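Chemist: Once you've had a glance at the structure underneath, I'll fire off some questions.
Just so you know, all these numbers are worked out from the coordinates, no wet-lab data involved. Quick caveat: nothing in here was measured; it's all calculated off a predicted structure. When we count neighbours, we look across all protein chains shown, and the Cβ atoms used for this are built from the backbone with ideal geometry, even at glycine.
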Amino acid sequence: MISRYDIHNFSWIDLQSPDEFEIRKIEEEYSLEYFAAHDLKAPTPRPRIRAYESGKFLCAVMHIPAFKHT
């Protein structure tokens with residue numbers, strides 16, 4: 001699922017368990033570097049934040065516990 005939040009010149013793209021189609025869509029729309037798109041394809045063991053060489057974006061992985069799954 002893709003959720004977008006735009007505030008001034010800043011965009012937050014929230015991907016929850018993205019499938020291959022969603023990753024490609026974001027990769028093309030934002031011209032993501034190869035490693036950024038690759039990082040989105042597999043679960044991560046721990047939270048992290050990474051700045052990419054282009055300097056155009058950051059990738060943040062956050063694990064937020066769900067106390068009640070609906």
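Chemist: Enumerate the lysines that LYS41 could reach by cross-link, defined here as Cα to Cα under 23 Å, with residues fewer than 8 away along the same chain left out.
Modeler: LYS25, LYS56
Chemist: Next up: Does anyone have the angle between helix 20-30 and the longest principal axis of the chain? Alpha-carbon axes, 0 to 90°, nearest 10?
Modeler: On a 0 to 90 degree scale, this one is about 40.
Chemist: Hey, got the dipole for the chain? About the Cα centre, +1 on K and R Cβ, -1 on D and E Cβ, debye to the nearest 20? Don't skip to the end; give the middle numbers.
Modeler: Numbers: 9 positive and 11 negative charges, 74 e Å.
Once rounded to the nearest 20, the dipole reads 360 debye.
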